[in-house]
């Protein structure tokens, strides 16, 4: 069934990128339809577990192993997944992909309005020209079609709206943002920062840069450090589509949101070289619908958008829409992630930390900046912590009872410190996703299968991450240090990207410098699939900035066509 309304723009997905696309398009005067495959989630009202105590839940937030193994066998690997947040996540039994247990790639996905903006880690860092020029310098992948100066103003534009707390450091490899006041270090983190500066002249520690408010901003309240961020934030203190971009878009009166709408494919008109229809399956009734618009923005997540393009085959594009280059689905990347080093720091037992700070420390990249220093290419950074441990670190194996024993258990343990390494992944053609030839989901859409392995470069880098992490904790005076070179499977960092990359040449890339498909002039892709390289920093801020920039360009182009 075809809908008679022709929208100015359709946005597929309502997560971080989709929310931004809707906000920018509506505020520029366009009538917009968001198509979201998940169920609706209303801000505040639907944060049903936000401030409940653990004792209010059947399993006290312990894993319900039988259910998880049956229905959430992939999603259970997400750090934010639990009994308290399960309702935000995809059911892997109902909405499967072709999961290979022997060579797993974790597709960790939300299945609700707002997507992963409800459960993300909220760390936001700018790319620098170290990142935008990396491919051209070491000949991996293709050159980015933009540089830092092309996106700098859009980073600022986005940051001023979402609110970013952090500390300016004037580092060329990590440009400063438009900051709200930073969150404060714990006492032991101050010691760590000082000792790292004393022992190393090539690195430093700062507070994490996060999309969480430290003061009232744009009608949203500052964070009150309650702790359960992933359950939803009724004060809107952390950035999500529900708290920020969607309300702004709704305020214009030009936004329509249709949830439970599974986009099956896009229809291409070879005469106009444009998308002329978006085919949808209603998730409840299974009714098939077609929606039309002048512009289409794909913001369904890296895998979701790429799956949609690959499934939109036609005589003009037998291998997937906008895929004349043949690279669609290839150059899949993620960050290597894993605990590098942990230890205990004695002293300062008279100090404690207040509240549940939803942020950690950050050590920016310090390897291979001005010249190649290592056997591996690119670099890495660390996210870390320093906090008092609890009774489990001192009394887990002790026996006892009575008043004195209870009082002893109430005393905090020593200061625990740790560093988690995030390493850059090289873009490689053989790392890819494709559509299964034999398996379909409950809507008849071909399932996704992944072919992904870490290369020697990532494995060598991971060894260095552990070595340098240990060296820094030793310099800080930590004891009982443990290290690890373990890397989570691909997708484990939840930073999957790169499968519809930007580039100069239509023969080697899917998108141009404005996130517009080379082959389809009214189709834009602004989620993680557009990324040409991965950097080693969290990518969501870059997705938002690229989305705002792409909308600005698309609306200007549309105005020219209609004038």
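The values are calculated or read from the model by the stated rules, or taken from the named source; none is laboratory data. The shown structure was predicted, so the numbers you read here are calculated from the model rather than taken from an experiment. In this analysis, Cβ positions are derived from the backbone assuming ideal geometry, glycine residues included, and neighbour counts consider all displayed protein chains.
In the list 463, 439, which residue meets the criterion of being at pLDDT 95 or above, assigned to a helix (DSSP H, G or I) and surrounded by fewer than 16 Cβ atoms within 10 Å (Cβ to Cβ)?
Criteria check complete, one pass: 463.
Can residue 309 be described as touching a helix residue (DSSP H, G or I) at 6+ places or on another chain (Cβ under 7 Å) and surrounded by 21 or more Cβ atoms within 10 Å (Cβ to Cβ)?
For residue 309, the condition - touching a helix residue (DSSP H, G or I) at 6+ places or on another chain (Cβ under 7 Å) and surrounded by 21 or more Cβ atoms within 10 Å (Cβ to Cβ) - is not met.
Only one of (1) within 20 Å of the chain's Cα centre (by Cα); (2) within 21 Å of residue 26 (Cβ to Cβ) fails for residue 228. Which number is that?
All conditions are met except number (2).
Counting only residues that are surrounded by fewer than 18 Cβ atoms within 10 Å (Cβ to Cβ) and in a loop (DSSP other than H, G, I, E, B), how many does region 31-57 have?
10
Which count do you get for residues in region 197-219 that are surrounded by fewer than 19 Cβ atoms within 10 Å (Cβ to Cβ), in contact with a helix residue (DSSP H, G or I) (Cβ under 9 Å, 6 or more places away or on another chain) and over 26 Å from residue 236 (Cβ atoms)?
Here the count works out to 5.
Hey, could you check region 139-166 for residues that are in a loop (DSSP other than H, G, I, E, B) and free of Cβ contacts under 8 Å to residues at least 40 places away in the same chain and say which is farthest from residue 499 (Cα to Cα)?
Among those residues, the one meeting the criterion is 147.
Anything in region 6-30 that is in contact with a helix residue (DSSP H, G or I) (Cβ under 9 Å, 6 or more places away or on another chain) and not in a helix (DSSP H, G or I)? List them, or say none.
Residues satisfying the conditions are 8, 9, 11, 12, 13, 14, 15, 28, 29, 30.
Of the conditions (1) within 24 Å of residue 92 (Cβ to Cβ); (2) in contact with a strand residue (DSSP E or B) (Cβ under 9 Å, 6 or more places away or on another chain), residue 442 fails just one. Which one is it?
(2)
Just wondering, is there one or more residues in region 319-326 that are touching a strand residue (DSSP E or B) at 6+ places or on another chain (Cβ under 8 Å) and at pLDDT 95 or above?
Yes, region 319-326 contains at least one residue that is touching a strand residue (DSSP E or B) at 6+ places or on another chain (Cβ under 8 Å) and at pLDDT 95 or above.
Which residue out of 135, 78, 100 is under 30 Å from residue 501 (Cβ atoms) and surrounded by fewer than 18 Cβ atoms within 10 Å (Cβ to Cβ)?
Result: 100 is the single residue among 135, 78, 100 that is under 30 Å from residue 501 (Cβ atoms) and surrounded by fewer than 18 Cβ atoms within 10 Å (Cβ to Cβ).
Kindly indicate the residue of region 254-273 that is over 26 Å from the mean Cα position of the chain (by Cα) and either free of Cβ contacts under 8 Å to residues at least 24 places away in the same chain or crowded, with 19+ Cβ neighbours inside 10 Å (or both) and also farthest from residue 43 (Cα to Cα) among those meeting that condition.
Of everything passing the filter in region 254-273, 271 is farthest from residue 43 (Cα to Cα).
Answer yes or no as to whether residue 23 is surrounded by 14 or more Cβ atoms within 10 Å (Cβ to Cβ), in the same structural domain as residue 289 (by TED's automatic domain parsing) and modelled with pLDDT of 95 or more.
yes
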